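The structure that follows is given in the form of structure tokens.
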Amino acid sequence: MLTRSALLYLARQDKLKDFAARFAAFRKITARFIAGETSDQAVAAIKELNARGCSASFDHLNESVDSIAETEGEVREYLNVLAKIDDSQINSNVSIKLTQFGLDIDPELAYRNARTVVADAARRGNFVRVDMEGSNVTQITIDIFKRLRSEFGLNDVGIVLQSYLRRTYDDAQDLLKIPARIRICKGAYNEPPEVAFPDKKDVDENYVRVMKLLLSSGTYHGIATHDPHMINATIRYARDQGIGKEAFEFQMLYGIRRDLQEKLAGDGYNMRVYVPYGKHWYPYFMRRLAERPANIWFVMKNLWK
Ligand SMILES: Cc1cc2nc3c(=O)[nH]c(=O)nc-3n(C[C@H](O)[C@H](O)[C@H](O)COP(=O)(O)OP(=O)(O)OC[C@H]3O[C@@H](n4cnc5c(N)ncnc54)[C@H](O)[C@@H]3O)c2cc1C
């Protein structure tokens, strides 16, 4: 059986990323987690989600981009998506990755590209979430986010923190002082024990600690998880503290625990689904496999068919 770290190692292989993008045959398998190749397919998926009571966040799949022209293409894609959200009147914001905007080439380039997208979203009254990537870029991602946040409002741009990182509780305290809207998730990359808790128990404990800090802050945050223990801890804490359902949102990934997404939306919680689309699905897809080895059997079965 492939281990989590082996799958995450494969996820980082750029040659495989380009190789996989060429094979339409994979579409059948990736369809469970990825809304399609085009923004129109993502819009169609989001319309269905909206009809089920869930809001959404567009994610144009691409990361570790190493050409300036390609980063400019990413900016155009997001500007196009923000216009489509307005035209189609769907309930969605957008999520971006700074390595998609050129962080590996030059942080200044990533900042400028992200700024263009945030400025357009702010003008439209929409919101941009800056996803968090590997720990080699945690600090620079936070620095760029803070720069954006100093120029734009609380409801224009937000960030993500990962509970597997030892530094995250301190980062959350620091960012709340600005204040900032935070998505807390467990974290999806391969990290060494010096920077990340190796044991799930500690990751979960830290998640609950940070979730409580966020909920008590009075700012609107995203609680991103499919883990019923984390969800129940959030519901209990909010109830005990008299924090209303409207004060935060749950977030899940497209195609994962749809039953739970509908249940929470039906119970009156704000439920946002992260909707990835595009050609460069390989690293995202591999991280989903790494999270749940049972998904590998799902892939094998479908490859065989
Ligand atoms: C909206 C959203 C945005 C995210 N953004 C980021 C980000 O910016 N940076 C980052 O590092 N990570 C991000 N993640 C991923 C996150 O860090 C975790 O890797 C992922 O959510 C799995 O953790 P979990 O909280 O669901 O708990 P786990 O303990 O991993 O899983 C709990 C249960 O959820 C179900 N489940 C979890 N994953 C899967 C799967 N792939 N397939 C099927 N079932 C599954 C299973 O039933 C599992 O038992 C995001 C996640 C969400 C939901």
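The values are calculated or read from the model by the stated rules, or taken from the named source; none is laboratory data. A quick note: this is a predicted structure, and the numbers were derived from the prediction, not measured. Ideal geometry is used to build each Cβ from the backbone, glycine not excepted, and the neighbour counts take in all protein chains shown. Calculation scope for accessible area: heavy atoms of the full protein, side chains included, ligands and nucleic acids excluded. Shrake-Rupley method; radii C 1.70, N 1.55, O 1.52, S 1.80 Å.
When you go through (1) farther than 21 Å from ASN270 by Cβ; (2) in contact with a helix residue (DSSP H, G or I) (Cβ under 7 Å, 6 or more places away or on another chain) one by one for PHE127, which number turns out not to apply?
Status for PHE127: all satisfied but (1).
Just checking, which of MET211, MET286 is closer than 30 Å to VAL81 by Cβ and at pLDDT below 95?
MET286
Which is open to solvent by 30 Å² or more (accessible area, probe 1.4 Å), within 17 Å of GLU291 (Cβ to Cβ) and away from the ligand (no atom under 13 Å from the Cβ), of PRO192, PRO198? Write out each step before concluding.
On the way: PRO192 fails: within 17 Å of GLU291 (Cβ to Cβ).
Matching residue, one of PRO192, PRO198: PRO198.
A follow-up question, please. Among residues belonging to segment 117-126 that are free of Cβ contacts under 8 Å to residues at least 40 places away in the same chain and open to solvent by 10 Å² or more (accessible area, probe 1.4 Å), point out the one that is farthest from the chain's Cα centre (by Cα).
At the first step, the residues of segment 117-126 found to be free of Cβ contacts under 8 Å to residues at least 40 places away in the same chain are 118-119, 121-123, 125.
Subsequent filtering for residues that are open to solvent by 10 Å² or more (accessible area, probe 1.4 Å) retains 119, 122-123, 125.
Numbers: ALA119: 20, ALA122: 19, ARG123: 22, GLY125: 20 Å.
Per the criteria, the residue is ARG123.
Further question on the same structure: For segment 49-59, check the following and say yes or no: at least one residue is open to solvent by 40 Å² or more (accessible area, probe 1.4 Å), more than 26 Å from ARG258 (Cα to Cα) and modelled with pLDDT of 95 or more.
So the first thing to find is which residues in segment 49-59 are open to solvent by 40 Å² or more (accessible area, probe 1.4 Å), and the list is 50-53.
Still in the running and more than 26 Å from ARG258 (Cα to Cα): none.
So far as segment 49-59 goes, no, none of its residues is open to solvent by 40 Å² or more (accessible area, probe 1.4 Å), more than 26 Å from ARG258 (Cα to Cα) and modelled with pLDDT of 95 or more.
When segment 231-268 is examined, which residues are found to be surrounded by 15 or more Cβ atoms within 10 Å (Cβ to Cβ), more than 26 Å from GLY36 (Cα to Cα) and within 14 Å of the ligand (Cβ to nearest atom)?
Of everything in segment 231-268, those that are surrounded by 15 or more Cβ atoms within 10 Å (Cβ to Cβ), more than 26 Å from GLY36 (Cα to Cα) and within 14 Å of the ligand (Cβ to nearest atom) turn out to be ILE231, ALA233, THR234, PHE248.
Residues of segment 201-218 being more than 10 Å from the ligand (Cβ to nearest atom), in contact (Cβ under 8 Å) with a residue 40 or more places away in the chain and either open to solvent by less than 20 Å² (accessible area, probe 1.4 Å) or among the charged types (D, E, K, R) (or both), which ones? Show your work before the answer.
Step one: of segment 201-218, the residues more than 10 Å from the ligand (Cβ to nearest atom) are 201-202, 205-206, 208-218.
Those left that are additionally in contact (Cβ under 8 Å) with a residue 40 or more places away in the chain: 206, 209-210, 213-214, 217.
If the condition is that a residue be more than 10 Å from the ligand (Cβ to nearest atom), in contact (Cβ under 8 Å) with a residue 40 or more places away in the chain and either open to solvent by less than 20 Å² (accessible area, probe 1.4 Å) or among the charged types (D, E, K, R) (or both), then ASN206, ARG209, VAL210, LEU214 are the ones that fit.
Now a separate question. For segment 178-194, give me the residue count where each residue is under 10 Å from GLN162 (Cβ atoms) and aliphatic (A, V, I, L, M). Even if it seems obvious, please write down each step before you answer.
Just the residues of segment 178-194 that are under 10 Å from GLN162 (Cβ atoms), to begin with: 183-189, 191.
Pick out the ones that are also aliphatic (A, V, I, L, M) and you get 184, 188.
Final tally of qualifying residues: 2.
If you go through segment 28-49, how many residues are more than 16 Å from the ligand (Cβ to nearest atom) and in a helix (DSSP H, G or I)?
Applying the first criterion (more than 16 Å from the ligand (Cβ to nearest atom)) to segment 28-49 yields 28, 36-41, 43-44, 47-48.
Next, from what is left, pick out any that are in a helix (DSSP H, G or I): 28, 39-41, 43-44, 47-48.
The total comes to 8.
With respect to LEU109, determine if the residue is open to solvent by 10 Å² or more (accessible area, probe 1.4 Å) and either modelled with pLDDT of 95 or more or of a type in the set (D, E, K, R) (or both).
Numbers: open to solvent by 10 Å² or more (accessible area, probe 1.4 Å): yes; either modelled with pLDDT of 95 or more or of a type in the set (D, E, K, R) (or both): yes.
The answer is yes for LEU109.
Checking THR168 against (1) crowded, with 19+ Cβ neighbours inside 10 Å; (2) closer than 29 Å to ALA45 by Cα: exactly one of these is not met. Which one?
Going through (1) crowded, with 19+ Cβ neighbours inside 10 Å; (2) closer than 29 Å to ALA45 by Cα one by one, THR168 breaks only (2).
Read through the list (1) in a helix (DSSP H, G or I); (2) over 21 Å from TYR274 (Cα atoms), then give the number of the only condition that ASP104 fails.
(1)
Which members of segment 90-135 meet the condition of being among the basic types (Lys, Arg), touching a Gly at 6+ places or on another chain (Cβ under 9 Å) and closer than 18 Å to ALA56 by Cα?
ARG129
Quick one: is SER64 at pLDDT below 95 and outside any helix (DSSP H, G or I)? Show your work before the answer.
Values: at pLDDT below 95: yes; outside any helix (DSSP H, G or I): yes.
So SER64 passes the test.
Output the residues belonging to segment 122-172 that are within 12 Å of the ligand (Cβ to nearest atom) and among the polar types (S, T, N, Q).
Listed by number, the residues that qualify are SER135, THR138, THR141, GLN162, SER163, THR168.
Determine which member of the set PRO276, PRO283, PRO228 is without any contact (Cβ under 8 Å) to a residue 60 or more places away in the chain and either under 16 Å from the mean Cα position of the chain (by Cα) or near the ligand (Cβ under 10 Å from one of its atoms) (or both).
Values: PRO276 fails: without any contact (Cβ under 8 Å) to a residue 60 or more places away in the chain; PRO283 fails: without any contact (Cβ under 8 Å) to a residue 60 or more places away in the chain.
That would be PRO228, the only listed residue that is without any contact (Cβ under 8 Å) to a residue 60 or more places away in the chain and either under 16 Å from the mean Cα position of the chain (by Cα) or near the ligand (Cβ under 10 Å from one of its atoms) (or both).
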